[in-house]
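Chemist: This is the structure I have questions about; it appears just below.
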Amino acid sequence: MTYPESEYLSCITLARMYDSSRDEIKETVIELKAKGHVIDTLNWGKQGKLKVHGKQFRRALLREYGNGGMSK
C-alpha cells in the first residue's frame, strides 16, 4: 500500500515532537522495525534523508513503550 507523501515526517520534525534528537529517532525507527513493527520509510534528497510514516511510528511507540513514549 502506498501513502501520500504528506503522511511522512522528517526525523527532525519527529525529534521536535518527541523532544529528542534526529539520531535517536533514526535509532528508534531501526529498533522498532527490527522488533517486527511495520513502519514505512522514504529516503529523499541527494543525501538520502529519512522520512518516517508518522502514524505508524506513533502506533509502534505506543505498542512498545506505552503512554510514556520514548521517555522510558
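Chemist: Rounded to a whole number, what is D in µm²/s for the chain from Stokes-Einstein with the Kirkwood radius over alpha-carbon pairs (20 °C, 1.002 mPa s)?
Modeler: Diffusion coefficient, whole number: 174 µm²/s.
Chemist: Moving on to the next point. Tilt of helix 54-65 relative to the longest C-alpha principal axis of the chain, in degrees (0 to 90, nearest 10)?
Modeler: So the helix axis and the longest Cα principal axis differ by about 20 degrees.
Chemist: Karplus couplings for region 32-40 from phi (6.51 cos²θ - 1.76 cosθ + 1.60, θ = phi - 60°), rounded to Hz, Gly and Pro as x?
Modeler: 5, 5, 5, 7, x, 6, 8, 9, 6
Chemist: Could you work out the relative contact order of the chain? I mean the mean sequence separation of Cα pairs under 8 Å and 6+ apart, divided by the number of residues, in percent.
Modeler: Relative contact order here is 30 percent.
Chemist: Amide H of Ile39: which non-local residues (sequence gap of 5 or more, or other chain) have their own amide H closer than 5 Å, using H built in the peptide plane?
Modeler: none
Chemist: Moving on. For the residue pair Leu42 and Glu27, what label-to-label distance in nm results when each label sits 7 Å from Cα along the Cα-to-beta-carbon direction?
Modeler: Once both label points are built, they end up 2.7 nm from each other.
Chemist: Would you pull out the residues with amide H under 5 Å of Lys49's amide H, same chain only if 5 or more places away, H placed 1.01 Å from N?
Modeler: Residues meeting the amide H criterion: Trp44.
Chemist: Show me the ranking of peptides 12-20, 48-56, 32-40 by mean Cβ neighbours inside 10 Å, starting with the highest.
Modeler: 48-56, 12-20, 32-40
All of the numbers you see were taken from the coordinates with simple rules; none came from a lab. Quick caveat, the model's predicted, so the values are computed rather than measured. All Cβ positions, even for glycine, are placed from backbone atoms using ideal geometry, and neighbour counts span all protein chains on display.
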